[in-house]
1. Just the residues that are among the polar types (S, T, N, Q) and either in contact (Cβ under 8 Å) with a residue 12 or more places away in the chain or open to solvent by 100 Å² or more (accessible area, probe 1.4 Å) (or both), please, taken from the range 44-56.
2. Among the residues of the range 117-133, which ones are within 17 Å of the chain's Cα centre (by Cα) and surrounded by fewer than 19 Cβ atoms within 10 Å (Cβ to Cβ)?
3. Consider Ala35 carefully, then state whether it is assigned to a helix (DSSP H, G or I) and of a type in the set (A, V, I, L, M).
4. For the range 45-56, give me the residue count where each residue is of a type in the set (Lys, Arg) and within 10 Å of the ligand (Cβ to nearest atom).
5. Residue under question is Asp153, and the condition is that it be of a type outside the set (A, V, I, L, M), over 18 Å from Lys70 (Cα atoms) and surrounded by 14 or more Cβ atoms within 10 Å (Cβ to Cβ); does it hold?
6. Working only within the range 57-79, note down all residues that are within 11 Å of the ligand (Cβ to nearest atom) and in a loop (DSSP other than H, G, I, E, B).
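The values are calculated or read from the model by the stated rules, or taken from the named source; none is laboratory data. These figures come from a predicted structure and were not determined experimentally. Every residue, glycine as well, gets a Cβ built from its backbone with ideal geometry; the counts of neighbours run over all protein chains shown. Just so you know, the surface numbers come from the protein's heavy atoms only, side chains and all, with ligands and any DNA or RNA stripped out. Shrake-Rupley method; radii C 1.70, N 1.55, O 1.52, S 1.80 Å.
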Amino acid sequence: MIEEFGKLPGIGPKTAERLAFYILKAKSDEAIALADAIRDVKNKIKRCNVCFNYSEQPVCDICSDQKRDKSLICVVEQPKDVIALEKTGASKWVYHVLGGHIAPLEGIEPDDLTINKLVERVRKGGIKEIIMATNPNMAGDGTALYISSLLRDSSVKITRLARGLPTGSTIEYASGKMLTDAIIGRQQFE
Ligand SMILES: [Zn+2]
């Protein structure tokens, strides 16, 4: 178990040991609940057919929420970014999860992401604005630029989060206040 915990991100050998001993001493149902949660996450969690966020249903809770403004799509790299943006409570839009960013040097091409599916969503109509919330670093900016070039001929307004976010940072680790400001101050994409 120490070995398995040690494979997790950010867990060093000491912490792995501490976690393993914690489980060893924990009540049986507590430990089993953790094991069940891990099994469930692998068996039940799929990708939403619309936005590609994680979901237990074919269409996720956000996409099936009637109160959401479906004409606003916020484009993010990872499901973690959805969580960060949702925490701000600043918007009632829907999302599109790309599954990463374009990085030719790492062998990640546009076709490896859900970019085509996003273009399909836009072509179907009813979309007023695409808000680029890719990370404010070179890969994120490049990905946003590529997508905006694909959508240039559509009538959809393309914006990006304001540059209040420090360059080179990530959406995931930005503070709620910072994200809220970036959402409110979003600007037309050039
Ligand atoms: Zn969805």
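1. From the range 44-56, those among the polar types (S, T, N, Q) are 49, 53, 55; that's our starting set.
Listed by number, the residues that qualify are Asn49, Asn53.
2. Step one: filter the range 117-133 for residues within 17 Å of the chain's Cα centre (by Cα), giving 117-118, 130-133.
Result: Lys117, single match.
3. Working: assigned to a helix (DSSP H, G or I): yes; of a type in the set (A, V, I, L, M): yes.
When the stated conditions are applied, Ala35 passes them.
4. Going through the range 45-56, the residues of a type in the set (Lys, Arg) turn out to be 46-47.
Keeping just the survivors that are within 10 Å of the ligand (Cβ to nearest atom) gives 47.
Of the residues in the range 45-56, 1 are of a type in the set (Lys, Arg) and within 10 Å of the ligand (Cβ to nearest atom).
5. Values: of a type outside the set (A, V, I, L, M): yes; over 18 Å from Lys70 (Cα atoms): yes; surrounded by 14 or more Cβ atoms within 10 Å (Cβ to Cβ): no.
So Asp153 fails the test.
6. To start, the set of residues in the range 57-79 that are within 11 Å of the ligand (Cβ to nearest atom) comprises 57-65, 68, 70, 73, 79.
Result: Gln57, Pro58, Val59, Cys60, Asp61, Ile62, Cys63, Ser64, Asp65, Arg68.
Okay, residues lined up against (1) in contact with a Gly (Cβ under 8 Å, 6 or more places away or on another chain); (2) assigned to a helix (DSSP H, G or I); (3) in contact (Cβ under 8 Å) with a residue 40 or more places away in the chain:
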| site | (1), (2), (3) |
| --- | --- |
| Ser91 | no, no, yes |
| Val119 | no, yes, no |
| Ile131 | no, no, yes |
| Pro136 | yes, no, no |
| Thr143 | no, yes, yes |
